[in-house]
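First comes the structure, then the notes that go with it.
The values are calculated or read from the model by the stated rules, or taken from the named source; none is laboratory data. Quick caveat, the model's predicted, so the values are computed rather than measured. All Cβ positions, even for glycine, are placed from backbone atoms using ideal geometry, and neighbour counts span all protein chains on display.
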Number of protein chains: 2
Amino acid sequence: MKIVCSQSDLKNNLAFVSRAVPSRPEPLVLGNVLLEADETTKKLTMTAFDGRLGIRTSFQADIPEGGMITLPAKLFNDIVSRLPEMEITLTCDAEEDNSNLVATLSAASSKLQLNGMDAEEFPELPVVSQENTVDLPITSFLEGLKGCLFAASTELSKEVLTGIHVSSTEATTLEFAATDSHRLSVVQIFLDESEASEDKDRSSGETPDAGDVSSQIKLPEFAVTIPARALRELEKMLGDETGNQKTFRMRYDDTQIIFEGSSRTLTTLRLTGAYPPYQRLLPSTFVRYVVCDRKRLLSSLELVSVMAQKNNIAKFSLDSVQGELTLSVDAQDVGSAKQSISAEITGEDIDIAFNIKYLTDGLKAIRGTEVKMQLNEWNQPVIFTPLTGLKMTYLVMPVQIRS
Amino acid sequence: MKIVCSQSDLKNNLAFVSRAVPSRPEPLVLGNVLLEADETTKKLTMTAFDGRLGIRTSFQADIPEGGMITLPAKLFNDIVSRLPEMEITLTCDAEEDNSNLVATLSAASSKLQLNGMDAEEFPELPVVSQENTVDLPITSFLEGLKGCLFAASTELSKEVLTGIHVSSTEATTLEFAATDSHRLSVVQIFLDESEASEDKDRSSGETPDAGDVSSQIKLPEFAVTIPARALRELEKMLGDETGNQKTFRMRYDDTQIIFEGSSRTLTTLRLTGAYPPYQRLLPSTFVRYVVCDRKRLLSSLELVSVMAQKNNIAKFSLDSVQGELTLSVDAQDVGSAKQSISAEITGEDIDIAFNIKYLTDGLKAIRGTEVKMQLNEWNQPVIFTPLTGLKMTYLVMPVQIRS
């Protein structure tokens with residue numbers, strides 16, 4: 001095997017694929033990256049797999065002699081990232097029985113040798129049978145993920161709640177939902193609303209022509225729950241795609257999902273339990289409304305959180321006469337914090353308390369200048385939405401105030 | 001007590017003084033910062049102390065009513081750093097028996113209350129008896145610290161080796177030395193050599209007129225060993241002074257040292273054991289010399305270190321015919337790394353091995369474009385010096401190569 005490529009191509013592709021390398025590989029070969037060099041297509045393909053998530057990427061290189069090997073991911077990464085931007089030659093003279101595989105990396109006056117493992121030992125990435133195919137708009141999909149990913153559960157025991165539920169019931173609507181049972185985030189993307197992209201917060205740096213592409217797409221009816229861990233990697237993969245491609249392809253069957261970009265592929269187990277019927281949780285009527293500046297609310301939460309002890313709870317007091325929302329935290333033995341911000345308030349005054357982390361997570365994702373809070377009583381779910389732009393609905397359960 | 005000051009003044013001074021707050025305060029009051037507001041001088045003075053190191057800083061503020069209190073350092077810092085840049089009012093209504101001390105911080109629509117402790121409980125900072133006073137040039141002193149601090153021992157059991165030995169035997173020479181018994185760094189600063197400042201590596205960003213000030217200073221004969229921990233804080237304090245002041249004052253007696261800047265004071269225990277007679281360790285004759293590019297040597301060490309296992313050892317092979325220095329690391333079962341760089345080599349070829357960390361630490365501090373390596377045999381001390389500029393001598397003991 002002999003490959004000649006640039007340090008930057010090797011570094012970037014290796015860094016991306018390595019994100020699927022498990023920290024405790026079992027079997028050991030999963031701690032390695034599989035390299036496949038094709039002499040005919042002049043493509044170097046790299047693959048990593050942790051048993052659930054697989055990443056494959058390929059790029060053009062000068063390949064005088066094809067071949068396959070697996071190399072220890074961490075060490076290979078460390079070496080390549082410390083070499084300067086220059087041409088790197090990677091060679092491997094396989095012995096007949098593949099018993100003593102050594103790859104040699106040469107670049108100018110540097111020479112590094114790295115013990116590898118036989119490519120035959122590396123498992124095949126899962127494939128998808130009885131294919132369902134959906135072409136998805138990259139920009140809209142990324143927007144949906146941004147509004148949801150943070151709300152998925154990180155407790156592995158919670159099964160489907162560790163995923164994002166992505167569905168389409170109409171050909172032009174894409175819906176994302178995530179919940180960890182304390183809060184729920186739902187984002188709806190309307191692909192036919194090219195006006196929608198005009199309302200959007202331009203400062204968020206989204207590609208402005210999203211509406212144009214999206215409006216040409218007709219989606220089949222589908223619903224899948226995708227592990228959040230895989231979607232975080234997909235987010236990176238799609239982030240690199242924007243500019244080249246407008247869409248990417250999702251293929252799935254009952255157990256696996258594959259995402260295909262222009263030169264990168266991501267494969268993941270599908271979460272197969274029934275996703276909770278979250279639409280039923282969203283209240284339809286409210287007796288109180290608050291509208292205030294989103295960043296002001298965020299910075300106020302961050303200030304009062306200084307005094308919040310382990311339970312991390314802040315009290316919201318609505319004063320409709322003064323037009324003031326007051327956040328307060330009272331920490332016995334330590335002190336107290338109080339911050340007021342101006343707000344448009346409709347409905348009777350009330351005190352209601354929240355977990356600060358749930359609020360800050362959601363307020364960061366909501367974006368936009370102003371946020372609207374819709375509520376009923378102190379012990380009933382509260383909805384936060386951006387006043388304009390993205391159709392995002394963020395539900396948070398309040399907590400009981402210590403009396 | 002009532003103080004009105006800017007958020008930035010309070011934040012900066014509090015952050016600096018807090019560096020002396022111990023992570024496990026004993027007694028508890030040492031987890032607090034002492035605030036002393038003087039109605040007459042309009043100065044707010046803050047003090048922190050960990051039993052060995054004390055920091056005191058003061059700044060101008062509007063003080064309608066003087067007073068004293070101690071406030072929990074971490075919480076006070078967290079609060080002040082989260083407030084926006086604005087005017088902050090700090091008040092404290094002491095009760096007669098000082099039993100229930102609460103400070104109130106108000107800024108615009110924020111109000112924070114913080115439980116404090118009685119200022120009377122805060123220990124006095126140590127003072128210096130039978131005074132010895134030395135006025136030291138800030139820029140030269142900082143240069144000496146940069147060339148030495150990294151080489152001091154971090155093992156508390158090594159007593160004097162956890163400090164830097166600073167001395168002057170002639171009125172115009174300042175000498176800094178640090179060793180952890182594996183390596184030794186000695187820096188000599190000649191205050192009368194205004195030419196010296198011309199030789200210096202200008203790219204290092206040092207104040208260029210250091211020579212001018214230094215040449216006016218005559219030092220008394222002295223020798224003190226100062227804890228490296230205190231000097232790291234002094235480095236920050238002096239870094240903030242440059243621009244305002246050219247010199248700072250050191251006062252000391254048998255057990256304490258006090259450093260005085262324009263508005264900040266640092267006090268530390270003095271290390272009193274006998275410092276090793278390090279000049280005797282420096283070889284005076286050599287049979288081999290190597291001169292090479294310093295940054296190239298550093299990046300080569302960083303590359304081959306990828307393969308270095310726990311012992312972190314690299315082999316240097318001198319080839320005087322090729323004019324090449326080759327660095328190599330051989331890691332059984334994993335692989336190997338080799339990198340050659342061009343070098344001027346005098347003397348017979350040899351293989352010699354070093355702990356990579358000791359070399360990289362020293363090479364970073366040496367600065368300048370080229371580095372000179374002077375050596376005898378594979379088991380005798382090696383000296384690294386910059387080819388021009390700073391008079392720094394860095395001694396490293398080689399290690400035995402595994403055969």
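A few comments on the model shown:
- Considering the range A:333-358, the residues that are farther than 13 Å from A:Leu375 by Cβ and hydrophobic (A, V, I, L, M, F, W, C) include one that is farthest from the chain's Cα centre (by Cα), namely A:Val334.
- Checked against the criteria, B:Leu71 counts as under 17 Å from B:Glu120 (Cα atoms), within 14 Å of chain A (Cβ to nearest Cβ) and modelled with pLDDT of 95 or more.
- Here A:Val290 does not fit the description of being of a type in the set (A, V, I, L, M), within 14 Å of chain B (Cβ to nearest Cβ), surrounded by 20 or more Cβ atoms within 10 Å (Cβ to Cβ) and in contact with a strand residue (DSSP E or B) (Cβ under 7 Å, 6 or more places away or on another chain).
- Being within 14 Å of chain A (Cβ to nearest Cβ), within 24 Å of the chain's Cα centre (by Cα) and not small (Gly, Ala, Ser) is a condition met by no residue of the range B:228-235.
- Residue in the range A:90-99 that is modelled with pLDDT of 95 or more, under 28 Å from A:Asp240 (Cβ atoms) and surrounded by fewer than 20 Cβ atoms within 10 Å (Cβ to Cβ) present: no
- Selection of the range A:52-69 for residues being touching an Asp or Glu at 6+ places or on another chain (Cβ under 9 Å), within 23 Å of A:Glu260 (Cα to Cα) and β-branched (Val, Ile, Thr) yields only A:Ile55.
- Top-ranked residue of the range A:167-185 - restricted to ones that are part of a strand (DSSP E or B) and touching a helix residue (DSSP H, G or I) at 6+ places or on another chain (Cβ under 7 Å), ranked as farthest from A:Asp135 (Cα to Cα): A:Arg183
- Positions within the range A:4-34 being closer than 20 Å to A:Ile258 by Cα and part of a strand (DSSP E or B), in sequence order: A:Val33, A:Leu34
- Within the range B:373-392, being of a type in the set (Val, Ile, Thr), over 17 Å from B:Lys295 (Cα atoms) and surrounded by fewer than 21 Cβ atoms within 10 Å (Cβ to Cβ) holds for one residue alone: B:Ile383.
- Just one residue in the set B:Gly243, B:Gly261, B:Gly273, B:Gly239 is in the same structural domain as B:Ala177 (by TED's automatic domain parsing), surrounded by fewer than 20 Cβ atoms within 10 Å (Cβ to Cβ) and on the phi > 0 side of the Ramachandran plot; that residue is B:Gly243.
- With respect to the stated conditions, A:Leu30 is farther than 30 Å from B:Ser299 by Cβ and either in contact (Cβ under 8 Å) with a residue 60 or more places away in the chain or not assigned by TED's automatic domain parsing to the domain that holds A:Asn115 (or both).
- Candidates A:Ile366, A:Ile350, A:Ile356, A:Ile313, filtered to the one that is assigned by TED's automatic domain parsing to the domain that holds A:Phe384, touching an Asp or Glu at 6+ places or on another chain (Cβ under 8 Å) and under 19 Å from A:Pro398 (Cβ atoms): A:Ile350
- Boolean, B:Thr139 is more than 14 Å from chain A (Cβ to nearest Cβ), β-branched (Val, Ile, Thr) and crowded, with 19+ Cβ neighbours inside 10 Å: yes
- Candidate set from the range A:153-166 (those that are touching a helix residue (DSSP H, G or I) at 6+ places or on another chain (Cβ under 9 Å) and aliphatic (A, V, I, L, M)); member that is surrounded by the fewest Cβ atoms within 10 Å (Cβ to Cβ): A:Leu156
- You will find that of B:Val321, B:Val334, B:Val304, B:Val329, the residue that is among the β-branched types (Val, Ile, Thr), free of Cβ contacts under 8 Å to residues at least 40 places away in the same chain and crowded, with 21+ Cβ neighbours inside 10 Å is B:Val329 and no other.
- Against the numbered list (1) polar (S, T, N, Q); (2) more than 27 Å from B:Glu302 (Cβ to Cβ); (3) away from chain B (no Cβ under 14 Å), A:Asn100 comes up short only at (3).
- Residue in the range A:110-129 that is assigned to a loop (DSSP other than H, G, I, E, B), free of Cβ contacts under 8 Å to residues at least 24 places away in the same chain and either within 14 Å of chain B (Cβ to nearest Cβ) or in contact with an Asp or Glu (Cβ under 6 Å, 6 or more places away or on another chain) (or both) present: no
- Filtered by the rule that a residue be part of a helix (DSSP H, G or I) and among the charged types (D, E, K, R), the range B:255-280 gives a lone residue, B:Arg280.
- Selection within the range B:67-79 - within 30 Å of the chain's Cα centre (by Cα) and either over 16 Å from A:Ala308 (Cβ atoms) or touching a residue at least 24 places away in the same chain (Cβ under 8 Å) (or both): B:Thr70, B:Leu71, B:Pro72, B:Ala73, B:Lys74, B:Leu75, B:Phe76, B:Asn77, B:Ile79
- Restricting the search to strands (runs of 3 or more DSSP E) fully inside the range A:302-390 and requiring at least 2 residues that are more than 14 Å from chain B (Cβ to nearest Cβ) and out of contact with any helix residue (DSSP H, G or I) (no Cβ under 7 Å at 6 or more places or on another chain) gives A:313-319, A:344-346, A:351-355, A:370-375, A:382-386.
Residue by residue, here is whether (1) away from every other protein chain (no Cβ under 13 Å); (2) in contact with a Gly (Cβ under 8 Å, 6 or more places away or on another chain); (3) more than 14 Å from A:Val21 (Cβ to Cβ); (4) free of Cβ contacts under 8 Å to residues at least 60 places away in the same chain holds:
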| position | (1), (2), (3), (4) |
| --- | --- |
| A:Glu39 | yes, yes, yes, yes |
| A:Lys42 | yes, no, yes, yes |
| A:Met46 | yes, no, no, yes |
| A:Asp50 | yes, no, no, yes |
| A:Leu53 | yes, no, no, no |
| A:Glu65 | yes, no, yes, no |
| A:Ser81 | no, no, yes, no |
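- Taking the criterion of being more than 29 Å from the chain's Cα centre (by Cα) and closer than 18 Å to A:Asn115 by Cα, the residues of the range A:1-47 that qualify are A:Met1, A:Lys2, A:Ile3, A:Ala37.
- Taken as a whole, the structure leaves A:Arg232 outside the set of residues that are at pLDDT 95 or above and closer than 19 Å to A:Val134 by Cβ.
- All positions within the range A:115-124 that are of a type in the set (A, V, I, L, M, F, W, C) and at pLDDT 95 or above: A:Phe122
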